[in-house]
1. Among the listed pairs B:LYS60/B:LYS315; A:LYS27/A:LYS178; B:LYS59/B:LYS448; B:LYS363/B:LYS455, which have their C-alpha atoms separated by more than 21 angstrom in this model?
2. Ranked highest first by the average count of other Cβ atoms within 10 Å around their residues, in what order do A:30-42, B:241-253 fall?
3. Name the long-range amide H neighbours of B:LEU272: under 5 Å, sequence gap of 5 or more, or other chain; modelled H, no Pro or chain starts.
4. Charges only on Cβ, +1 for Lys and Arg, -1 for Asp and Glu: so what's the dipole of segment B:256-368 about the Cα centre, in debye to the nearest 20?
5. From the backbone phi of segment A:179-190, what are the Karplus-calculated ³J(HN,Hα) couplings (6.51 cos²θ - 1.76 cosθ + 1.60, θ = phi - 60°) in whole Hz, Gly and Pro given as x?
6. Over all residues in B:258-270, what is the mean tally of Cβ atoms on other chains that come within 10 Å of each residue's Cβ?
7. If R₀ is 25 angstrom, what is the calculated FRET efficiency for the pair B:ASN16 and B:ARG482, using the beta carbon separation as r and rounding to 0.05?
8. What does the average come to when, for each residue of peptide B:633-645, you count the partner chain Cβ atoms lying within 10 Å of its Cβ?
Amino acid sequence: MAVNMESLHEPISSSLPLEYQGDGNLKIFGFWVFLAAEVVLFSTLFAVYLVFHGNVAGGPTSQQLFDIRGFTIETFLLLTSSFTMGLGTYEMRRQNTKGVLAWVLITVLLGLGFLGMEISEFAHYVSIGANISRSAFLSAFFVLVGTHGSHVTLGILWILSILVQVMRKGITPKTARKLFVVGLYWHFLDVVWVFIFTVVYLTGKVM
Amino acid sequence: MLHSILQIGDKYFMWNEGPMIWTSDALIVLTSLGIVGLLTYLKRWKWLWDEWLTTVDHKKIGIMYIIAAFAMFFRGGMDGLIIRAQLAIPNNHFLTAEHYDQVFTTHGTIMILFMAMPFIIGLMNIAVPLQIGARDVAFPYLNAMSFWLFFFGALLFNISFVIGGSPDAGWTSYAPIAGPFYDPGVGENYYLISLQIAGIGTIATGINFLVTILKMRAPGMTLMRMPMFTWSVLITSVIIIFAFPVLTVTLALLMFDRLFGAHFFSVTHGGLPMMWANLFWIWGHPEVYIVILPAFGVFSEVVSTFSHKRLFGYKAMVVSLVAIAILSFTTWVHHFFTMGAGASVNSFFSFSTMLIAVPTGVKIFNWLFTMYKGRIEFTTSMLWALAFIPNFLIGGLTGVMLASAPADYQYHNSYFLVAHFHYVLIAGTVFGVFSGLYYWWPKMFGQKLNERIGKWAFWIFMISFNMTFMPMYFVGLMGMTRRMYTYPAGLGWGPFNLIETIGALGMGLGFVVMVFDIAYTIRHPEKDLTGDPWDGRTLEWSIPSPAPEYNFAVIPEVKGIDAYWMMKHPKEQEPGPVKAVDKSKIRPIHMPNNSYRPFIISVAFFVAGFGFIWQWYWLGIPGLIVVAIGLFLRSFEYNDEHFISTEEIERTEIAAGRL
């Protein structure tokens, strides 16, 4: 290993957590900056959605469409998955490969459950004629919630590929950093969902 | 058989539209064959692949950005000349109205997104890591991704001219005229998707340079000791990170309208055309600061170097950069005062727009005070910087006129506006990148561009620029509107327009002379053996020209602003050249490996984009799957770095006369 050689990036310090070793610090910081860009992206979508919320063009309103039971379960699934991801990171810090695999796999299953519910929700709307072309409100709804959903899909594939790497290489500074970064991504999607839950679903149900 | 070929030709290649298309087709085929033939004849394919297409070296990526920017300058410039040919005389029908619409759209889009942006990013790539004493950017592989995404985005945009037709709704692509109802066909799809691909690359560049500057500075280089160009790039990166995702969303929404029948910007089903104008300019106004702030950075370096003085008012320069960046997000409505925002909203945006003149004015005075009592050296690079000040001032002051909402009802979308933004974008950004090109050329290639030819290019271009755009202020006030296809005789516009067209030809000539300068320099190089041809002040001049792969054999220690100047002029001793590298401090250097993947992924993006443009999902979706596979393969790559041994570093440094 290149531990005591002058590297392209910052020198190594033993007081840092595993994922921050070597150039991990640089990459984790870079990912935070990427998340800042993602915040802007979702903010724009939220702003567009809020402007269009009432523009239903004679079509179904949010009050008519949204199903409290459905979006509540979705929320529980995703929030729990964020928690289990956190437990996975905890096991990573304890160098417990099996614990990481178990918790992260549970995360993936919860994510898949969320995704399945979202797809069936979308399919239901389309089947009753509430599709993307029906009104500006529905265009904005599908694109905002769909962008989050496609992020979750990508996140699941990404987590799986990192899990394969953890299985192959164990918990090294590099795999730890990758796991930590995908964890950040997952928590970020959870935060976005909290806003979707309140701004889109809860508000949409009462207004 | 022949008949069906002709039918396909008419449908996809617009052969029915006449000789202009046929000529373009022939030129594209001939140029491509010429490039392929030349590479094969000179046996340069492997060299091209190993040294350039797969490189992750920021210096080479910077050079590729600038080459691409020159090509796009040529394309956008040809568009400009065609526009001027059409407008040279009254009642002209050199082009059809449809072609004219396409040409002004591609001119604007290419000049801003595929010329100005890559030129600026090219200079960032070349200078920033060297100025902060780093060995590369934070994420070299991502940097290569950025470049290839931009490159293939630009390529996709450019082929629209001969395959399917170009976008024709203006570079601002306003809804609803850019929507599916008023603008069917593939032209606008090209705009949306090629900008999207290039835009992803730009966001990555913003992240990359922010992290590079914040995390990879040499020891001792505090933020307030950074060179001013690096400061400008840091602030620009922040603007990119906060502005470009808005463009991403905006383009995607119109794409949903056009491809999947959504109703964001349509006039029916509750859509709002004004939503486009707002979103577009929330990105678009910061965008003009993205292309101007690094130019300000270049001028700061150049003025200080060639006045042989420290930059006046360093802190004020930094504060004004930050102020401009913040204000740039608060002015977007001034692009459409006339579109019904109401008096109070317009007042706010008038005020915020005028406010930008304050930090900009501070910067102008600081450059002037830097020159005051300096020993000014009139190099080509300095001439561009000197010409920038009065010319940009004209653009800036007319900008303040436009900022006044009531008066804007008179100026809006007239040639007065066209003159204004060409005065700021050309006298600011274009003069800036030319100044930077002459300034950093020795560091890029180890030779100085010929100064005599360079000065010819400067004078021809600068005078012609004023000839082209100064009359536009007047015809604008006389009532000539932007994007007007042709105009009747007898309004008194004819002579002005003719002068503008002659000026445009002069700018073309100036560009040709500059390209000739580059060709001449390649044949008759004036070598820079010192690494410091201008008696520079910042760290990039402390290393050999061209910079070795690893940049710094030993990472320097920074003691203040103008770090290299301080090394050359230590307090205790006589000033003298600092060259020697301390052999005992050389260690093996860790560098990233080349990778073919950024190139391949971007090709896949190009194919996917082409598929979506034509709504050929059988092509678009597999293209995206290849992109995804490329990303996942990258994740599984573990051995992507190598070491340069101390022996090799010593050999390189001895060859450069440093050891």
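1. Cα-Cα > 21 Å for B:LYS60/B:LYS315; B:LYS363/B:LYS455; rest within.
2. Numbers: A:30-42: 18.5, B:241-253: 23.5.
Final packing ranking: B:241-253, A:30-42.
3. Those lying under 5 Å, H to H, from B:LEU272 are B:PHE265, B:SER266.
4. Dipole about the Cα centre, nearest 20: 380 debye.
5. 5, 5, 5, 5, x, 4, 4, 5, 4, 4, 4, 5
6. On the way: counts 0, 0, 6, 5, 11, 12, 7, 2, 3, 0, 3, 12, 14.
That average works out to 6.
7. On the way: r = 30 Å, r/R0 = 1.19.
The pair B:ASN16/B:ARG482 has a calculated efficiency of 0.25.
8. 2
Where a number appears in this text, it was derived from the coordinates with a stated rule and is not lab data. All figures in this text were calculated on a predicted structure; none of them were measured in a lab. Glycine gets a Cβ as well: all are built from the backbone with ideal geometry, and neighbour counts include every protein chain shown.
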